[in-house]
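Some notes on the structure that comes next.
The values are calculated or read from the model by the stated rules, or taken from the named source; none is laboratory data. Values in this document were obtained by computation on a predicted structure and should not be read as measured data. Note: ideal-geometry Cβ built from the backbone for every residue, glycine included; neighbour counts use all protein chains shown. These area figures cover heavy atoms from the full protein model, side chains too; ligands, DNA and RNA do not enter into them. Shrake-Rupley method; radii C 1.70, N 1.55, O 1.52, S 1.80 Å.
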Amino acid sequence: MLDDLNELRTFQRVLACGSLSAAARDLGVGLAVVSKRLMALERRAGQRLINRTTRTLSATDEGLALLGHVDRVLEELVAAESRMAIGAGEPYGLLRVSSPISFGRIHLVPLAAELVEQHSKLDVELRLDDRLVDLTNERIDVAVRIGQPRDSSAIMRKIADSYRILVAAPAYLERHGEPKEVGDLDRHLCLRYDDRSTPWRLEGPKGAVVEIDPRTRLHANSGDAVQDWAIAGQGVMLKSEVDVAADLVSGRLVHILRDWHSAPAPIYALMPSRRHTPSKTRAFVDALSARLSGPGSATALTHT
């Protein structure tokens, strides 16, 4: 199906423009050429790729699946031409990034802004969602995931280890006192955004492990909401250190019971399996790694 890249490019432009005539104008060719290329591609594929009526057109399921691959192929060709023109390694093109909502809001929103400011030919599209996305079908270049990924077909790069730590606002600690031992949590108000039926499992000094079933009066399905409660002085929260690092530095939250934390949860960057990783993806992953693992990073700050 790669015998004629013009057919793939035409297929892409037809779906992007919404009609054969609009695609013909966009490509600077005649309507007959567009129609001929599309028919040739469908003949070689052995199936219909676009549903066409007199008024509308839309991709078939097979066409939609093919489109993701076509976008990547053509984008890589453009990037290759750009590298030859402006030098190898320069990030180029549209980078699609998927991430959990809280992590993305705190870390990837500013990181994306920094990258596009540094690289004039790079665009970034952030997709913040707590569900596990399909990298290939949703045309994701890199997905950030916390915890061991289940997608064995993807290329994985470990960025850092993250621990969930216990934090509370100064105002809360002034009213209720700071717990000195992990058992003191039974007498404190705790905030949760996880499954309330699952106890907090904490690891401590000399390999000690305890399970705490905290008293919870405020519970939400959003980590951001629970973090807002914690900052407002409503209770003790167990939250990923990379999510609360800025609040610890500012003093809005205090790290308590510093010898106790959850088991480490690795932070991974997942990329679709391919022979070569594009420069735009490498630039993003390297920048994220520096942000989370370098001196003064979020993980470093919470262990000082």
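Residues that are within 21 Å of Asn137 (Cα to Cα) and either in contact (Cβ under 8 Å) with a residue 60 or more places away in the chain or in a loop (DSSP other than H, G, I, E, B) (or both) within the stretch 7-62 comprise Leu8, Arg9, Gln12, Gly18, Gly46, Gln47, Arg48, Leu49, Thr60, listed in sequence order.
Please work out if Arg72 is in contact with an Asp or Glu (Cβ under 9 Å, 6 or more places away or on another chain) and touching a residue at least 60 places away in the same chain (Cβ under 8 Å). Spell out the reasoning first.
Values: in contact with an Asp or Glu (Cβ under 9 Å, 6 or more places away or on another chain): yes; touching a residue at least 60 places away in the same chain (Cβ under 8 Å): yes.
Spelling it out, Arg72 is indeed in contact with an Asp or Glu (Cβ under 9 Å, 6 or more places away or on another chain) and touching a residue at least 60 places away in the same chain (Cβ under 8 Å).
Against the numbered list (1) surrounded by fewer than 13 Cβ atoms within 10 Å (Cβ to Cβ); (2) of a type outside the set (D, E, K, R); (3) within 13 Å of the chain's Cα centre (by Cα), Gln148 comes up short only at (3).
Of the residues Arg252, Arg201, Arg258, Arg196, which single one is more than 22 Å from the chain's Cα centre (by Cα) and part of a strand (DSSP E or B)?
Details: Arg252 fails: part of a strand (DSSP E or B); Arg258 fails: part of a strand (DSSP E or B); Arg196 fails: part of a strand (DSSP E or B).
That would be Arg201, the only listed residue that is more than 22 Å from the chain's Cα centre (by Cα) and part of a strand (DSSP E or B).
Taking the stated definitions as given, is Val242 under 22 Å from Ile159 (Cβ atoms), open to solvent by less than 70 Å² (accessible area, probe 1.4 Å), in a helix (DSSP H, G or I) and in contact with a strand residue (DSSP E or B) (Cβ under 6 Å, 6 or more places away or on another chain)? It is true that Val242 is under 22 Å from Ile159 (Cβ atoms), open to solvent by less than 70 Å² (accessible area, probe 1.4 Å), in a helix (DSSP H, G or I) and in contact with a strand residue (DSSP E or B) (Cβ under 6 Å, 6 or more places away or on another chain). Picking from residues in the stretch 166-221 that are without any contact (Cβ under 8 Å) to a residue 24 or more places away in the chain and polar (S, T, N, Q), the one that is nearest to Trp260 (Cα to Cα) is Thr198. Right, Val78: in contact (Cβ under 8 Å) with a residue 60 or more places away in the chain, closer than 22 Å to Tyr92 by Cβ, assigned to a helix (DSSP H, G or I) and of a type in the set (Val, Ile, Thr) or not? So Val78 fails the test. Only residues that are modelled with pLDDT of 80 or more, open to solvent by less than 30 Å² (accessible area, probe 1.4 Å), touching a strand residue (DSSP E or B) at 6+ places or on another chain (Cβ under 7 Å) and under 23 Å from Ala112 (Cβ atoms) were counted across the stretch 67-92, and they come to 1.
Out of all the residues in the stretch 151-187, which are of a type in the set (Gly, Ala, Ser), within 19 Å of Gln227 (Cα to Cα) and either out of contact with any Ser or Thr (no Cβ under 8 Å at 6 or more places or on another chain) or surrounded by fewer than 19 Cβ atoms within 10 Å (Cβ to Cβ) (or both)?
As a first pass, look at the stretch 151-187 and keep what is of a type in the set (Gly, Ala, Ser): 152-154, 160, 162, 168-169, 171, 177, 183.
Restricting the remaining residues to those that are within 19 Å of Gln227 (Cα to Cα) gives 162, 168-169, 171.
Of everything in the stretch 151-187, those that are of a type in the set (Gly, Ala, Ser), within 19 Å of Gln227 (Cα to Cα) and either out of contact with any Ser or Thr (no Cβ under 8 Å at 6 or more places or on another chain) or surrounded by fewer than 19 Cβ atoms within 10 Å (Cβ to Cβ) (or both) turn out to be Ala168, Ala169, Ala171.
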